[in-house]
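Novice: First the structure, which I've put down as structure tokens, then a few questions once you've had a look.
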Amino acid sequence: MSEAPVRVAIIVGSVREGRFGPVVARWLAGLAAGLGGFEVDVVDLAEHDVPLAMPAFGAAPAPAVAAEVGKVTERLAAADAFVVVTPEYNHSYPAALKNAVDWHRDEWLAKPVAFVSYGGVSGGLRAVEHLRAVFAELHAVTIRETVSFHGAHTCFGPDGMPSDEGATVAAKAMLEQLTWWARSLADARAARPYPG
């Protein structure tokens, strides 16, 4: 009997005009689909009109904001695992991504999170290191293997594919670990409630 596919949400963390994230996300989604064993949902934060300012602690958001957040919430809740595609802004990750993470809690609990980063010389790795600490606080498990693109705009050809085969090798290793953690944590959550 074959196992059900792992439902992975690929989160595009940048909402800036002219951003490169969708190129990276499309490549990763295609790779995951080609490998089989995944049900992919690309959650592009730019498609959801969620303001950066959050309501006062304990206050309910405005109805329009709540509706947009709810759309994201449903998609995150349905996922078994996540891949965050993030650039590096000023040695960290985008504010819109932080907001999306902070608006949620239960959706991350005891689920695995992998990272694909891009940027200049650092390839977005400083953003990833900051995100690891945030997701640990939310009781998510971050995957060790990470894919990063240094000078990202020069790493992809006109076809939207990376020019270095090493990126695909690294992504396959990351997705393999993500699958293991997604299935293991799903089994654990089914056996007993997570106490987080």
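Novice: From D102, D44, D49, D80, grab the single residue that is over 14 Å from the mean Cα position of the chain (by Cα) and of a type in the set (D, E, K, R).
Specialist: Details: D102 fails: over 14 Å from the mean Cα position of the chain (by Cα); D44 fails: over 14 Å from the mean Cα position of the chain (by Cα); D80 fails: over 14 Å from the mean Cα position of the chain (by Cα).
Exactly one residue qualifies, and that residue is D49.
Novice: In addition: Is segment 154-164 home to any residue that is within 20 Å of E39 (Cβ to Cβ), surrounded by 15 or more Cβ atoms within 10 Å (Cβ to Cβ) and not small (G, A, S)? Explain how you work it out, then say what you get.
Specialist: Start the filter on segment 154-164 by keeping residues that are within 20 Å of E39 (Cβ to Cβ), which leaves none.
Taking every residue of segment 154-164 in turn, none turns out to be within 20 Å of E39 (Cβ to Cβ), surrounded by 15 or more Cβ atoms within 10 Å (Cβ to Cβ) and not small (G, A, S).
Novice: Just need a number here: residues in segment 133-147 that are surrounded by fewer than 16 Cβ atoms within 10 Å (Cβ to Cβ) and either within 13 Å of the chain's Cα centre (by Cα) or part of a loop (DSSP other than H, G, I, E, B) (or both). Don't jump to the end; show me each part of the working.
Specialist: Filtering segment 133-147 for residues surrounded by fewer than 16 Cβ atoms within 10 Å (Cβ to Cβ) gives 133, 136-137, 139, 144-145.
Of the ones still in play, those that are also either within 13 Å of the chain's Cα centre (by Cα) or part of a loop (DSSP other than H, G, I, E, B) (or both) are 139.
Residues that pass the stated criteria total 1.
Novice: Quick check on segment 27-34. Is at least one of its residues out of contact with any Gly (no Cβ under 6 Å at 6 or more places or on another chain), surrounded by fewer than 21 Cβ atoms within 10 Å (Cβ to Cβ) and within 20 Å of V101 (Cβ to Cβ)?
Specialist: Within segment 27-34 (the criterion being out of contact with any Gly (no Cβ under 6 Å at 6 or more places or on another chain), surrounded by fewer than 21 Cβ atoms within 10 Å (Cβ to Cβ) and within 20 Å of V101 (Cβ to Cβ)), the answer is no, since none of the residues qualifies.
Novice: Could you say which residue among V116, V141, V134, V147 is out of contact with any strand residue (DSSP E or B) (no Cβ under 9 Å at 6 or more places or on another chain), of a type outside the set (D, E, K, R), within 16 Å of V83 (Cβ to Cβ) and modelled with pLDDT of 95 or more?
Specialist: V134
Novice: Which condition from (1) farther than 15 Å from S14 by Cα; (2) of a type in the set (D, E, K, R); (3) in contact (Cβ under 8 Å) with a residue 24 or more places away in the chain is the one that E88 breaks?
Specialist: (1)
Novice: With assigned to a strand (DSSP E or B), out of contact with any Ser or Thr (no Cβ under 6 Å at 6 or more places or on another chain), buried (at least 19 other Cβ atoms within 10 Å of the Cβ) and not aromatic (F, W, Y) as the only criterion, which of V84, V72 stands out?
Specialist: Numbers: V72 fails: assigned to a strand (DSSP E or B).
Going through V84, V72 in turn, the sole match is V84.
Novice: Considering only segment 161-187, state which residues are without any contact (Cβ under 8 Å) to a residue 60 or more places away in the chain and within 17 Å of H150 (Cβ to Cβ).
Specialist: Filtering segment 161-187 down to residues without any contact (Cβ under 8 Å) to a residue 60 or more places away in the chain leaves 163-167, 169-170, 173, 176, 180, 184, 187.
Scanning segment 161-187 gives S163, D164, E165, G166, A167, V169, A170.
Novice: In segment 8-41, what residues are outside any helix (DSSP H, G or I) and under 12 Å from the mean Cα position of the chain (by Cα)?
Specialist: V8, A9, I10, I11, V12, G13, S14, V40, D41
Novice: A further question on this structure: Looking at this structure, is A110 small (G, A, S) and surrounded by fewer than 15 Cβ atoms within 10 Å (Cβ to Cβ)? Write out each step before concluding.
Specialist: Values: small (G, A, S): yes; surrounded by fewer than 15 Cβ atoms within 10 Å (Cβ to Cβ): no.
No, not satisfied.
Novice: Something else now. Can you confirm whether segment 167-183 contains a residue that is within 19 Å of L35 (Cβ to Cβ), in contact with a Leu (Cβ under 6 Å, 6 or more places away or on another chain) and either surrounded by 15 or more Cβ atoms within 10 Å (Cβ to Cβ) or at pLDDT below 95 (or both)? Reasoning before the result, please.
Specialist: The first filter runs over segment 167-183 and keeps only residues within 19 Å of L35 (Cβ to Cβ), leaving 167-183.
From what's left, in contact with a Leu (Cβ under 6 Å, 6 or more places away or on another chain): 171.
Next cut, either surrounded by 15 or more Cβ atoms within 10 Å (Cβ to Cβ) or at pLDDT below 95 (or both) only: 171.
Yes, some residue in segment 167-183 is within 19 Å of L35 (Cβ to Cβ), in contact with a Leu (Cβ under 6 Å, 6 or more places away or on another chain) and either surrounded by 15 or more Cβ atoms within 10 Å (Cβ to Cβ) or at pLDDT below 95 (or both).
Novice: Within segment 1-26, take every residue that is closer than 15 Å to A95 by Cα and touching a Gly at 6+ places or on another chain (Cβ under 8 Å) and give me the one that is surrounded by the most Cβ atoms within 10 Å (Cβ to Cβ). Lay out the reasoning, then the answer.
Specialist: Keep residues of segment 1-26 that are closer than 15 Å to A95 by Cα, which gives 11-17, 19, 21.
Subset that is touching a Gly at 6+ places or on another chain (Cβ under 8 Å): 12-14, 21.
Numbers: V12: 24, G13: 30, S14: 24, G21: 25.
The residue in question is G13.
Novice: Related question: Return the residues of segment 7-52 that are under 18 Å from A81 (Cα atoms) and of a type in the set (D, E, K, R); say none if nothing qualifies.
Specialist: R7, R26, E39, D41, D44 - these are the residues of segment 7-52 that are under 18 Å from A81 (Cα atoms) and of a type in the set (D, E, K, R).
The values are calculated or read from the model by the stated rules, or taken from the named source; none is laboratory data. If you're wondering where the values come from, they're calculated on a predicted model, not measured in any experiment. Cβ coordinates were reconstructed from backbone atoms using ideal geometry, including for glycine residues, and neighbour counts include every protein chain displayed.
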